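**Q** First the structure, then my questions, so here it is.
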Amino acid sequence: MNSTLLSVEDLHVEFRTYLGTVHAVNGAYLTVNAGECVGLVGETGCGKSTLGFSIVRLLDEAARIVEGKIIFKGEPILEKKDEELREIRRKDISLIFQDPTAALNPVYTIGDQIVEALILSREMTKSDAVEEAAGILASLGIPDPRKVMLQYPHELSGGMRQRVMIAVALSKKPSLLIADEPTSNLDVTVQAQILELLSDLRKNTNMSVLLITHDMGVVAQVCDKVGVMYAGQVIEFGTVREIFKNPLHPYTRGLLKVANLVGEKSRLEPISGAIPDLKDLPEGCLFYSRCPKLTPLCQEKRPTMLEARQDHYVACWNLDGDDRSMR
């Protein structure tokens, strides 16, 4: 359970656009152990999806990984040839995309898409793949899986399409599942069902999950660890229990304060300001323009991730008391 499956070290990713270079990921660090569910949380546009897709090098043509390391099962992903990387994507790493409607092929039936994934990843015969596909759909709580296999994506509800996406992803029995906002377009009831399903599957298969989300409540419900991302940098990382109980970064505190106010009669207090322009990043801390504890050092030098407490990492110059002394 404690062996490191995935490690991301000092990752930098840029997008070349006609308006300038967008620094989407800026020195990100992240680890996922075997059998672990790690949440990656932050505001829209902070680089969560870019980091996730960088792991399997499924980035836009305008994107470029500038520097850093991505180690999967002890091997450097960024040094892999295209053929080797396709083999990893085919057998070891699966993705659940945010929009199943866009991810599923509209001209093929559900059964054809799952069967194809099974044949490619596990080298099964077509008849065996059909039986396996029906079994996977049944295990995901889909009634009458044989009927669903004959349908097309547009004939299914949003929740059913998301389950089909999970079925395609799980067909290869991956070591790592990257789920990019898998419940963002679903109603609350279906969202709860999908999250419970992911939790059960992880426990039963020892599969690791990187869950990309903007919802701290989802992280609290299903994750073991959480990385808080801001302007392309993971600014705090640790166990869910530790970070929810004792957040050290002002941005993390702000996110948790907003999450705790949801459903209460108290007035919602958003984090003031906005994410800095990713085409023109400040030299200092990326959060300094919104930070209530701003100091001159914050504007002059960017903090790096350090272990403030055991297994609790943070990038901040303004840790108080014992937290500062342990850096």
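The values are calculated or read from the model by the stated rules, or taken from the named source; none is laboratory data. This structure is a prediction, so every number in the text was calculated from the model and none was measured. Neighbour counts are summed over all protein chains in view; Cβ atoms, including those assigned to glycine, are modelled from backbone coordinates with ideal geometry.
**Q** Please tell me if Gln221 is touching a helix residue (DSSP H, G or I) at 6+ places or on another chain (Cβ under 7 Å), outside any helix (DSSP H, G or I) and surrounded by fewer than 18 Cβ atoms within 10 Å (Cβ to Cβ). So that I can check it myself, show each step before the final result.
**A** Details: touching a helix residue (DSSP H, G or I) at 6+ places or on another chain (Cβ under 7 Å): yes; outside any helix (DSSP H, G or I): no; surrounded by fewer than 18 Cβ atoms within 10 Å (Cβ to Cβ): yes.
No: the conditions fail for Gln221.
**Q** Here's another thing I want to ask about it. What residue, among those in region 74-93 that are of a type in the set (D, E, K, R) and within 18 Å of the chain's Cα centre (by Cα), is farthest from Phe53 (Cα to Cα)? Quick ask: steps written out before the conclusion?
**A** From region 74-93, those of a type in the set (D, E, K, R) are 75, 79-84, 86-87, 89-92; that's our starting set.
Still in the running and within 18 Å of the chain's Cα centre (by Cα): 89, 92.
Details: Arg89: 11, Asp92: 14 Å.
Only one residue fits best here, namely Asp92.
**Q** What residue, of Val56, Val107, is surrounded by 14 or more Cβ atoms within 10 Å (Cβ to Cβ) and either within 16 Å of Lys172 (Cα to Cα) or assigned by TED's automatic domain parsing to the domain that holds Pro153 (or both)? Break it down into steps so the answer makes sense when it comes.
**A** Numbers: Val107 fails: surrounded by 14 or more Cβ atoms within 10 Å (Cβ to Cβ).
Only one candidate qualifies: Val56.
**Q** If you go through region 8-24 one residue at a time, do you hit one that is among the polar types (S, T, N, Q), closer than 22 Å to Met207 by Cα and either in the same structural domain as Gly273 (by TED's automatic domain parsing) or buried (at least 19 other Cβ atoms within 10 Å of the Cβ) (or both)? Break it down stepwise before answering.
**A** Taking region 8-24 as the starting set, the residues that turn out to be among the polar types (S, T, N, Q) are 17, 21.
Now narrow it down to the ones that are closer than 22 Å to Met207 by Cα: none.
The answer is no; no qualifying residue exists.
**Q** Something else now. So, Leu186, is that one within 17 Å of Ile96 (Cβ to Cβ) and assigned to a loop (DSSP other than H, G, I, E, B) or not?
**A** Working: within 17 Å of Ile96 (Cβ to Cβ): yes; assigned to a loop (DSSP other than H, G, I, E, B): yes.
Judged against the criteria, Leu186 is a match.
**Q** A further question follows. Of the residues Ser139, Ser199, only one is of a type outside the set (D, E, K, R), more than 16 Å from Thr213 (Cβ to Cβ) and at pLDDT below 85; which?
**A** Values: Ser199 fails: more than 16 Å from Thr213 (Cβ to Cβ).
Of the residues listed, the single one that is of a type outside the set (D, E, K, R), more than 16 Å from Thr213 (Cβ to Cβ) and at pLDDT below 85 is Ser139.
**Q** What residue, among those in region 149-165 that are in contact with a Ser or Thr (Cβ under 9 Å, 6 or more places away or on another chain) and either among the basic types (Lys, Arg) or in a helix (DSSP H, G or I) (or both), is surrounded by the fewest Cβ atoms within 10 Å (Cβ to Cβ)? Let's see the steps before the verdict.
**A** Here is the first cut: in region 149-165, the residues in contact with a Ser or Thr (Cβ under 9 Å, 6 or more places away or on another chain) are 149-154, 158-159, 161-162.
The next check asks that each one be either among the basic types (Lys, Arg) or in a helix (DSSP H, G or I) (or both); those that pass are 149, 153-154, 158-159, 161-162.
Values: Met149: 21, Pro153: 21, His154: 9, Gly158: 15, Gly159: 20, Arg161: 21, Gln162: 28.
Only one residue tops the list, namely His154.
**Q** Return only the number of the condition from (1) in a helix (DSSP H, G or I); (2) within 17 Å of Arg253 (Cα to Cα); (3) modelled with pLDDT of 90 or more that Trp317 does not satisfy.
**A** Evaluating Trp317 over (1) in a helix (DSSP H, G or I); (2) within 17 Å of Arg253 (Cα to Cα); (3) modelled with pLDDT of 90 or more leaves (1) as the failure.
**Q** Moving on. Looking at Asn206 and the list (1) touching a residue at least 60 places away in the same chain (Cβ under 8 Å); (2) on the phi < 0 side of the Ramachandran plot; (3) not charged (D, E, K, R), which single condition is not satisfied?
**A** (2)
A quick yes/no check of all residues on (1) surrounded by fewer than 11 Cβ atoms within 10 Å (Cβ to Cβ); (2) at pLDDT 90 or above; (3) within 19 Å of Met216 (Cα to Cα):
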residue	(1), (2), (3)
Val234	no, yes, yes
Glu242	no, yes, yes
Gly254	no, no, yes
Arg267	yes, no, yes
Lys279	no, yes, no
